[in-house]
1. Match the structure shown to one of the listed values [x] 1.10; [y] 0.96; [z] 0.99 of Rg/Rh (Cα atoms, Kirkwood Rh), computed from it, and give that label.
2. Modelled label-to-label distance, Thr100 and Arg51, 7 Å Cα→beta-carbon offset: nm?
3. Report the gain in length on full extension from Lys107 to Ala70: 0.36 nm times residue separation, minus Cα-Cα distance, nm rounded to one decimal.
4. May I ask you to list the residues of the range 89-113 whose amide nitrogen lies under 16 Å from a point 7 Å from Cα along the Cα→beta-carbon direction of Glu63?
Amino acid sequence: MGEDEAQYVKPQVERRQYRRAQIVAQVRCEASGHKQLLVTRDISAGGLFLRSPKPLPSGAEVELSFHLHAADPLLTCRGTVVNSIPGRGMGVEFRELDPTIRQALEKFVDESL
């Protein structure tokens, strides 16, 4: 690549605030009185991605319950759908996360990477 070409190559910039770890876990997701059991794709201390053929719309408020490991206690938290991809799933940002749950998520991600 010549100097002229190199000046047009822009580096990829990571925009995420939190590191993510791949995880396949069942999550109980409740929104507007409707409950569904979904599966995660990845998780961070800031949120997670849930696979769903019919994801909720962006802005939907949800309550989530899940285990990071089968033997771990059940974690329950609230979130907001921030990214909805029809046929694939939805990104959920955690809201008002309890510090103990945030620590557990950070530890899980650190151990997974």
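Bear in mind these aren't lab numbers, they're just calculated from the coordinates by the rules spelled out. Keep in mind that this is a model prediction, so the values were computed, not measured. Glycine gets a Cβ as well: all are built from the backbone with ideal geometry, and neighbour counts include every protein chain shown.
1. The calculated read-out lines up with [x].
2. 3.1
3. On the way: separation 37, 0.36 × 37 = 13.32 nm, distance 1.57 nm.
Gain in length upon complete extension: 11.8 nm.
4. 95-98
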